[in-house]
1. Does segment 123-140 contain any residue that is under 15 Å from the mean Cα position of the chain (by Cα), loosely packed, with under 15 Cβ neighbours inside 10 Å and not β-branched (Val, Ile, Thr)?
2. Can you pull out every residue in segment 141-170 that is of a type in the set (Asp, Glu) and surrounded by 19 or more Cβ atoms within 10 Å (Cβ to Cβ)?
3. Here are some conditions: (1) touching a Ser or Thr at 6+ places or on another chain (Cβ under 8 Å); (2) without any contact (Cβ under 8 Å) to a residue 60 or more places away in the chain; (3) part of a helix (DSSP H, G or I). Glu105 meets all but one. Which one does it not meet?
4. Here are some residues: Gly149, Gly173. Which one is farther than 20 Å from Leu46 by Cβ and touching a Phe, Trp or Tyr at 6+ places or on another chain (Cβ under 6 Å)?
5. I'd like to verify a number: residues in segment 111-154 that are over 16 Å from Thr7 (Cα atoms) and touching a Gly at 6+ places or on another chain (Cβ under 8 Å), how many?
6. Could you please let me know if Arg94 is more than 26 Å from Ala158 (Cα to Cα), at pLDDT 95 or above and either in a strand (DSSP E or B) or among the basic types (Lys, Arg) (or both)?
7. Looking at (1) assigned to a strand (DSSP E or B); (2) touching a residue at least 40 places away in the same chain (Cβ under 8 Å), which one does Leu164 not meet, given that it meets all the others?
Amino acid sequence: MKTQYYTASSLDGFIADPNDSLDWLFPLGALGDTSYPSFIRHVGALAMGSATYLWILRHHLASDADRPQPWAYEQPAWVFTSRSLPTVPGADIRFVRGDVRPVHEAMLNAAGSQNVWLVGGGELVGQFYDAGLLDEIHVQIASVTLGAGKPLLPRVIADPPLRLVSARSVGTGFAELVYDVPRRP
């Protein structure tokens, strides 16, 4: 069982542009060509911040979305937020705030022998890293630069550095990298 950050990033390290848009991402390749289909089969619980959750609501669940679709996850989801957010009927979504450690424990219990996926954003993932709870980073590095936006992981991780486990190309749009996150001494 691992706690994993699985995401896509621009070449210059942003997961969304300054307007929280992902329009730069979708033309670059199909999700099915990445490791995502295999990855999601091993996820038993997931967490995201409120900005990620609201992006999903606006772009996938809203009746006026470009491609409306149902909640994509069967797994229980924890949304870290300090405000009241709309719910998704029929989805197992738990709104939480505060320290990630007790929530992580609940996520591990819910995941059973499966992994915990930190969907995003970067600051939330940074809190898991700060608490020594992040095991692995899977990032699809896109063949675009954004110049500014929401950073991939706004933390200094240098001592010890991440350990590259694998690298592969995905079409002409992505390099898929997997890193182990060693524990700090």
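1. So the first thing to find is which residues in segment 123-140 are under 15 Å from the mean Cα position of the chain (by Cα), and the list is 123-129, 133-140.
With loosely packed, with under 15 Cβ neighbours inside 10 Å added as a condition, the list becomes none.
No: segment 123-140 contains no residue that is under 15 Å from the mean Cα position of the chain (by Cα), loosely packed, with under 15 Cβ neighbours inside 10 Å and not β-branched (Val, Ile, Thr).
2. Narrowing segment 141-170 to residues of a type in the set (Asp, Glu): 159.
Hits for segment 141-170: nothing passes.
3. Failed condition: (1).
4. Working: Gly173 fails: touching a Phe, Trp or Tyr at 6+ places or on another chain (Cβ under 6 Å).
Of the residues listed, the single one that is farther than 20 Å from Leu46 by Cβ and touching a Phe, Trp or Tyr at 6+ places or on another chain (Cβ under 6 Å) is Gly149.
5. 4
6. Details: more than 26 Å from Ala158 (Cα to Cα): yes; at pLDDT 95 or above: yes; either in a strand (DSSP E or B) or among the basic types (Lys, Arg) (or both): yes.
So Arg94 fits the description; yes.
7. So the condition that Leu164 fails would be (2).
Matching residues to (1) within 14 Å of Leu118 (Cβ to Cβ); (2) under 17 Å from the mean Cα position of the chain (by Cα):
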| residue | (1), (2) |
| --- | --- |
| Thr3 | yes, yes |
| Leu31 | no, yes |
| Ala47 | yes, yes |
| Ala51 | yes, yes |
| Ala62 | no, no |
| Ala65 | no, no |
| Thr87 | no, no |
| Ile93 | no, yes |
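The values are calculated or read from the model by the stated rules, or taken from the named source; none is laboratory data. A quick note: this is a predicted structure, and the numbers were derived from the prediction, not measured. Every residue, glycine among them, receives a Cβ derived from its backbone with ideal geometry; neighbour counts consider all protein chains shown.
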